[in-house]
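Written below as structure tokens is the structure these notes are about.
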Amino acid sequence: QVQLVESGGGLVQPGGSLRLSCAASGFTFSMYAMSWYRQAPGKERDLVASISSTGGSTNYADSSRGRFTISRDNAKNTVYLQMNSLKPEDTAVYYCHARRAINRYWGQGTQVTVSS
């Protein structure tokens, strides 16, 4: 069955860094565009960054551009989100998302808390 398993979340101080990973299985990872979304308490789930199936194209939300980097390793069926210069407003549950045509898959999420 399809699985997207996020890891790497945790508690970090403002200005710190985290690297999230999302391990995929149960589908042909290299054919899917991958994204990271986040949802803070009481707010909508928003796109953070996305990457094309080959990794040749990336897209970032204004809030993450310049601080976050999305990447993927198709040999390992894994997508990453490197987050630098973290701010308290980055606190949220971060979700991995896979998309190809009408197929959409979500991970279970990983909590990121930015606090001193």
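The values are calculated or read from the model by the stated rules, or taken from the named source; none is laboratory data. Treat the numbers as computed from the prediction; the structure is a model and nothing was measured. Every residue, glycine as well, gets a Cβ built from its backbone with ideal geometry; the counts of neighbours run over all protein chains shown. With ligands, DNA and RNA removed, areas are computed over all heavy atoms of the protein, side chains included. Shrake-Rupley method; radii C 1.70, N 1.55, O 1.52, S 1.80 Å.
Below is a table of values for the structure above.
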{"read-out": "Net charge, S50 excluded, C-beta distance under 11 Å - Lys, Arg +1, Asp, Glu -1", "value": "+2"}
{"read-out": "Accessible-area value, D62, 1.4 Å probe, nucleic acids and ligands omitted, Å²", "value": "130"}
{"read-out": "Karplus-derived 3J(HN,Hα), 6.51/-1.76/1.60, for each residue of segment 96-105, Hz, glycine and proline x", "value": "8, 9, 10, 9, 8, 6, 8, 7, 9, 9"}
{"read-out": "Rounded percent of accessible protein surface that carbon and sulfur make up, the chain, 1.4 Å probe", "value": "45"}
{"read-out": "For segment 25-116, accessible area per residue (1.4 Å probe, heavy atoms of protein chains only), Å²", "value": "52"}
{"read-out": "Computed label-point distance, nm, for sites R45 and W106 using a 7 Å Cα→Cβ extension", "value": "0.2"}
{"read-out": "Rg to Rh quotient for the chain, alpha carbon positions, Kirkwood Rh", "value": "0.95"}
